[in-house]
Structure formats: C-alpha cells, structure tokens
1. List the strands (runs of 3 or more DSSP E) that sit entirely inside region 98-183 and contain at least 2 residues that are modelled with pLDDT under 85.
2. Output the residues belonging to region 104-124 that are hydroxyl-bearing (Ser, Thr, Tyr) and crowded, with 16+ Cβ neighbours inside 10 Å.
3. Would you mind stating whether residue 87 is more than 23 Å from residue 141 (Cβ to Cβ), polar (S, T, N, Q) and in the same structural domain as residue 173 (by TED's automatic domain parsing)?
4. Need the failing condition index for residue 139 against (1) of a type outside the set (A, V, I, L, M, F, W, C); (2) farther than 29 Å from residue 78 by Cα; (3) surrounded by 14 or more Cβ atoms within 10 Å (Cβ to Cβ), just the number.
5. How about region 184-200: which of its residues are within 24 Å of residue 122 (Cα to Cα) and in a strand (DSSP E or B)?
6. What are the pairs with Cβ atoms under 6 angstrom where one residue, in region 91-119, is more than 23 Å from residue 72 (Cβ to Cβ) and the other, located anywhere, is not in a strand (DSSP E or B)? Sequence gap at least six, or different chains.
7. Just for region 172-200: of the residues that are within 26 Å of the chain's Cα centre (by Cα) and among the polar types (S, T, N, Q), which one is surrounded by the most Cβ atoms within 10 Å (Cβ to Cβ)?
8. Cβ-Cβ below 7 Å, separation at least six or inter-chain, first residue in region 172-200 and in contact (Cβ under 8 Å) with a residue 60 or more places away in the chain and over 29 Å from residue 40 (Cα atoms), second outside any strand (DSSP E or B) and of a type in the set (Ser, Thr, Tyr): which pairs?
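The values are calculated or read from the model by the stated rules, or taken from the named source; none is laboratory data. Because the structure is predicted, anything quoted here is derived from the model rather than measured. Using ideal geometry, Cβ is built from the backbone for each residue, glycine included, and neighbour counts are taken over all protein chains shown.
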Amino acid sequence: MTPKKMFLIILILIFGFLAYGIGSGTFEEMAFNSIPYNYTSHVWIPPNQQNGSSFGGSYTIYGQGKNFNFNIVLPGVENTESPLDYTKNGLNGTGQLNDLHITYNTITSLLSGNLKEAMFNTKFSGIFNMACAAWTGYGNFTNNGQNFLGNFKIDGIKTDWEGTFNVKEDNNRIKFQMNYVYYPNKDRQNAKNIQEIIYM
C-alpha cells in the first residue's frame, strides 16, 4: 500500500470519526472531558431572621469533565459556630455529572472561563457528597434547561438536615433558594422548617 493510499484511509477514518462524534454528541463529550476548570467567587448568606447575622466568604469549583470538587470557606464563622458544625477548613465536597448533554455553547463557555453560563446552558443531572467539621452529607441535582433543582441530606452528630434547593440566575449572581428542615439527630418528629437564600 502506497503512503498516499494510507494517508487517504487515515483521513477517511478521522473525518468519519469527527462526523460520528459531532452527530452523536460524542465529540463534544470527549472535548468536555478533557477540559480542566477552576472557578472561584464570593458567597453571601443573608440573615434568615430580622436580627440575625449574615456570613460572607468564597467558594471554589474545580475539576475536569464530569468529575468536580468544591470548597466553601466562610472566614470567622469558626469563632461563632460549634466546632461540630463548622471549622476554618470550611465545607468540602466532590461530585459527578451524569446524563450530560454537551453542546458547542458548553465548550465555548468553558474555554472562555464562563462556568456560570456553561452550567445554566447545559442539561445534566448529578450527585454530590460533602463534609464539614463533624457532619457529612449527600444529594443530587438536575438541570433540564428550564429548572435547576436538587435535594440534600446532612447527617450530624447532634442535628440532621434535609431539604431541597432551586438554583437561579440573579443578575451577575447565582441564587440558591433552599427549603429544608432540621431536627435532633434521627428524631424527625421534632423538625423545624427553614427557608434560606444563598448568593454566589
């Protein structure tokens, strides 16, 4: 076989692969899985009662493709909260995206560093685990292109939490609307309901 024929076969294989990948979404997914990302911004938790305190800090999301890590740090909160609830190491977690529908806009948003735009313009679902101080938690989430919803459960030594969240764009911020209950460890009959908003 001549080098020219070999080259033509290689070209046909490459273009066939690209056509298959673009047509089926495989190419976009392969591209997405090779892109590392790292996004840091501010987080603000307003008071949930009239004379309550607000908290501020930062959060970071980093990873590559479908697997990601996140960290939320609220400086100074360790001085006012129980060491069972919060330490200066903050909240740390890992997650995985499933049922990911990657588009061209997803790739261009990630390459330009606009993680927020990529997140809201991509349909996906996923799971996450998290830990902070003496408690651990887990949850799941789904973005169907119209609504970005999720739920979570936190198991603490003295208190448990469980609830739902709704993620929305709010001008240049991300708004988490949370509706959850908390109760003494494994005693859900004494649950109290809280509605809270977190801005990122």
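1. Counting at least 2 such residues, we get no strands (runs of 3 or more DSSP E) at all.
2. Within region 104-124, 106, 109, 122 qualify.
3. yes
4. Every condition holds for residue 139 apart from (2).
5. Of everything in region 184-200, those that are within 24 Å of residue 122 (Cα to Cα) and in a strand (DSSP E or B) turn out to be 197, 198, 199.
6. 102/28; 102/29; 102/32; 105/121; 106/118; 106/122; 107/31
7. The selected residue is 177.
8. Within 7 Å, no pair qualifies.
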